[in-house]
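Participant: One structure is given below, represented as structure tokens, and several questions about it will come after.
The values are calculated or read from the model by the stated rules, or taken from the named source; none is laboratory data. For clarity, every value in this text was computed on a predicted model and none was experimentally measured. When we count neighbours, we look across all protein chains shown, and the Cβ atoms used for this are built from the backbone with ideal geometry, even at glycine. Protein only, heavy atoms only, side chains kept; ligands, DNA and RNA dropped before computing areas. Shrake-Rupley method; radii C 1.70, N 1.55, O 1.52, S 1.80 Å.
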Amino acid sequence: MKLYNIKENDEQVSFGQAVRQGLGRNQGLFFPSELPKFEDIDALLAEDFVSRSAKILSALIGDELPKEKVTEMVDAAFQFSAPIKEVKEGVYALELFHGPTLAFKDFGGRFMANSLAAVSDGGKITILTATSGDTGAAVAHAFYGMEDINVVILYPKGKISPLQEKLFCTLGKNIHTVAIDGDFDACQALVKQAFDDAELRKEIGLNSANSINISRLMAQICYYFEAASQLSKAQRENLVISVPSGNFGNLTAGLLAKALGLPIKRFIAATNANDTVPRYLETGQWDPKPTVATTSNAMDVSQPNNWPRIEELCQLKGWGLDTLGKGAVTDEQSAASVRELNTLGYLCEPHGAIAYRVLDEQLQEGETGLFLCTAHPAKFKEVVDDILGTDIELPAPLAKHAAMELLSEDLNNDFEALKVVLRRVQ
């Protein structure tokens, strides 16, 4: 598999290099030089989740890793299901929260850990990543206890849910968590600064586990195929998928699934008040505004990292950006949708509710709708309990970590201070 740097096309790397390196020169994202196309989609969808995913990922990776090795990696990473649930006629929820940290990031985080182990050259590695909530837990648990790998996770202090924080800030060992005085975009900017520091990068073996890492993104392609496999052929021929969007890795993976041959009629990018992309699709002007805190905090991103990959793919495939649906939802509207879904017998949290609301508004007659539920409602217990006047029971992983002591350290939004931390954890 060859990948090129979107910003500097002359930088071309292998899959292994892209996984180890994370970002290219000038903070450029890596993108596949070629995308395979599966012709017999019905036969592919008839396979089980692991077998199908191994076939998809092996086709993407090429002969760089043996098919048997890729199958082994997928089997180790995808040890949980991604079921769809019908919430009303013709509208389904894709539940991506059945992994160990109860969020969709488990798919990408665990596959990346297995990928890095497979392509490692034996040197020490420092994983530096920013999280708006769920990435941190998935990455922390995926890499916990791995030899010669230190993980440093930056998150915006006071801007993620307490249970999200507990799930990844209580582990210790090789997992180091840092609460930054700023928003997610500030955390993300610090990560990019670190990657721009060539001396630091080499000194600590820097890598990233954000969805900027191609291995995480590739893993996410697989659950779109899994969702379609649970629908009838007629339903998936008119399938509309609404994606709750923050850093836009999830939507990128969905569009890549379409490029590989999955027959998706159209996608909808659903955001909260941090609506840079919906406004851009409406006006053609890229105008990020200061990030605002919402009840759907994992989507509190004003400058989404993965958007350049979406533009690159759409340009390569000749897809107009105007074919993307879009919508921005307020906290009040997402709360109303949580209540509506509850009356339909489906317990949801704000991120999934945002995707549902925009889908419900834009779904046309004869279409089948699917919205992504990216986290277990209990991860946002305070918000959901307040909306519904209920008391959600904590699943075992959350209950265990809720009782544990936070191990994070606080840090100003200062790159020099971060460099001290990165060198100290070696």
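Participant: So which residues in the range 89-99 are of a type in the set (F, W, Y) and not in a loop (DSSP other than H, G, I, E, B), if there are any at all?
Facilitator: Y92
Participant: Next question, about the same structure. Out of the residues in the range 156-171 that are part of a helix (DSSP H, G or I) and open to solvent by less than 10 Å² (accessible area, probe 1.4 Å), which is farthest from Q188 (Cα to Cα)?
Facilitator: Once the filter is applied, the top-ranked residue is L167.
Participant: Within the range 178-200, does at least one residue satisfy the condition of being more than 20 Å from D106 (Cα to Cα) and touching a Gly at 6+ places or on another chain (Cβ under 6 Å)?
Facilitator: Looking through the range 178-200, none of the residues is more than 20 Å from D106 (Cα to Cα) and touching a Gly at 6+ places or on another chain (Cβ under 6 Å).
Participant: Of everything in the range 100-132, what is open to solvent by 30 Å² or more (accessible area, probe 1.4 Å), in contact with a helix residue (DSSP H, G or I) (Cβ under 7 Å, 6 or more places away or on another chain), of a type outside the set (D, E, K, R) and part of a helix (DSSP H, G or I)? Give them in sequence order.
Facilitator: N114, A118
Participant: Taking the condition of being in contact (Cβ under 8 Å) with a residue 60 or more places away in the chain and either closer than 23 Å to F415 by Cβ or buried (at least 22 other Cβ atoms within 10 Å of the Cβ) (or both), how many residues in the range 172-181 meet it?
Facilitator: Residues flagged as in contact (Cβ under 8 Å) with a residue 60 or more places away in the chain and either closer than 23 Å to F415 by Cβ or buried (at least 22 other Cβ atoms within 10 Å of the Cβ) (or both) within the range 172-181 amount to 6.
Participant: Could I ask something else about it? Which members of the range 171-186 meet the condition of being within 22 Å of the chain's Cα centre (by Cα), within 19 Å of L406 (Cα to Cα) and not small (G, A, S)?
Facilitator: Those that are within 22 Å of the chain's Cα centre (by Cα), within 19 Å of L406 (Cα to Cα) and not small (G, A, S): L171, I175, H176, T177, V178, I180.
Participant: Residues being surrounded by 23 or more Cβ atoms within 10 Å (Cβ to Cβ) and closer than 21 Å to L363 by Cα: count how many of those fall in the range 206-238.
Facilitator: The number of residues fulfilling the criteria is 4.
Participant: Out of the residues in the range 182-200 that are touching a residue at least 24 places away in the same chain (Cβ under 8 Å), small (G, A, S) and in a helix (DSSP H, G or I), which is nearest to G24 (Cα to Cα)?
Facilitator: Across the range 182-200, the extreme among qualifying residues is A194.
Participant: Of these, A198, A194, which one is more than 28 Å from L394 (Cα to Cα), open to solvent by less than 10 Å² (accessible area, probe 1.4 Å) and small (G, A, S)?
Facilitator: The conditions single out A194.
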